[in-house]
Ligand SMILES: Nc1nc2c(ncn2[C@@H]2O[C@H](COP(=O)(O)OP(=O)(O)O)[C@@H](O)[C@H]2O)c(=O)[nH]1
Ligand SMILES: [Mg+2]
């Protein structure tokens, strides 16, 4: 069977031959592995590429002074939650992050522009959510450090290129590849949990590039094929379609509430909420405000839009998003 190599593959191979350092060679190999047509006729070549890659990586890691982990794969959490943005090369992860945050991550028309995870802040109403841009994820060569990063994140956004006819098989391969690394991507309505060796993370799958031809047809197929196995939204980072709605979906994915603290006789500061887990109680809020409120707590008053007007509640009262709370000691 002829290999039918794509122009992207041939270009990557050309770069590989010209590459001087092990790092450059690894990058080219990653690209070759991602772009080589996947069929029986190329199985031997695929295996050979992976062996080459393993050897190069091993050589790099055994150098004196080399650390086993690449630089910068840990990202300090900040804001109301951390969402790791993953996906195949060129699906538009960096572009989408730019559209959601107004920041300027590196975007380019060739794969592997983003080498290390990089955090950006997305503003949603009065809170900030951290979005982490990441290097491309290829089902044939799942980056273990990236998976570890995703396991510690609060939620995941997986970006697909809707102009790509193989988006569904790419998604399927990624889901099973990640499952092999004990990371399960679950829909929005699932309960995230973790037990030894098994991580279940709420995930939003974003079909990006909805502005391109074939996007609609591919989106319809993805919806039907994966049905309720994934939570799926469509967007165009370039045209901006679906981007505002996506911000809200990402915030909701985090399962957090915003609660405003109020001092008796004064107005609450609605620009600076405390962010708590969904279904937190008054006592859990008191704990985040100050330990004095925990130790000397007597009661609280709660204001809730259209429902409560300074009602007296006890420590176990369950709070909702945008409640205003006055703690009394
Ligand atoms: N038409 C179209 N092109 C897009 C869209 N989002 C990204 N791109 C293009 O896809 C290419 C890869 O984007 P990038 O964000 O670097 O992808 P990444 O590798 O997943 O981070 C770039 O040429 C972008 O301009 C989109 O919504 N529509
Ligand atoms: Mg990128």
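None of the figures in this text is laboratory data; all of them are computed from the coordinates on show. Because the structure is a prediction, the values reported are computed rather than measured. Here the Cβ positions follow ideal geometry from the backbone for every residue, glycine too, while neighbour counts run over all protein chains shown.
With a bin width of 5 angstrom, please list the P(r) values of region 256-328 as percents of all Cα-Cα pairs, from the 0 bin to the one holding the largest distance.
All Cα pairs, binned at 5 Å, distribute as 4, 18, 32, 30, 14, 2, 0 percent.
When ranked by the protection proxy of mean other Cβ atoms within 10 Å per residue, highest first, what sequence do the peptides 260-271, 286-297, 235-246 form?
Listed from highest to lowest mean packing, they are 235-246, 286-297, 260-271.
Taking the chain as the reference, fit the longest principal axis to its C-alpha atoms, fit the long axis of helix 215-226 to the helix C-alpha atoms, and give the angle between the two in degrees, 0 to 90, nearest 10.
70 degrees
For region 103-229, take every pair of Cα atoms, bin their distances at 5 Å starting from 0, and report each bin as a whole percent.
2, 9, 17, 22, 22, 17, 9, 2, 0
Which values of log₁₀ I(q)/I(0), to two decimal places, follow from the Debye formula for region 187-308 at q = 0.14 Å⁻¹ with a uniform point scatterer at every Cα?
Reported log10 I(q)/I(0), two decimals: -0.82.
For region 165-216, what Kirkwood radius comes out of the mean inverse Cα-Cα distance, in Å?
Computed over region 165-216, the radius equals 12.6 Å.
Once you've got the GNM for the chain with C-alpha springs shorter than 10 Å, pick whichever of 248, 101, 134 has the biggest mean-square fluctuation.
248
Need one number: the % of Cα-Cα pairs in region 7-61 sitting beyond the 18 Å mark.
27 percent
Of the residues 167, 150, 190, which exhibits the maximal mean-square fluctuation in a Gaussian network model of the chain defined by a 10 Å Cα contact cut-off?
Greatest mean-square fluctuation among the candidates belongs to 190.
Take the chain, connect every pair of alpha-carbon atoms lying under 10 Å apart with a spring to form a Gaussian network, then pick out the residue of 55, 77, 93 with the largest mean-square fluctuation.
55
Out of every Cα pair in the chain, what percent are spaced more than 36 Å from each other?
30 percent
Under 8 Å for C-alpha pairs, at least 6 residues apart: give me the relative contact order for the chain, rounded to a whole percent.
Relative contact order here is 12 percent.
Could you check what % of the DSSP bridge pairs in the chain are antiparallel, to the nearest 5?
The answer is about 50 percent antiparallel.
Compute the long axis of helix 243-253 from its Cα atoms, compare it with the longest principal axis of the Cα atoms of the chain, and write down the angle in degrees, 0 to 90, nearest 10.
Orientation of helix 243-253: about 70 degrees from the principal axis.
For the chain, take the longest principal axis of its alpha carbons; what is the angle in degrees between that and the long axis of helix 22-35, to the nearest 10 within 0 to 90?
In the chain, helix 22-35 runs at an angle near 90 degrees to the longest axis.
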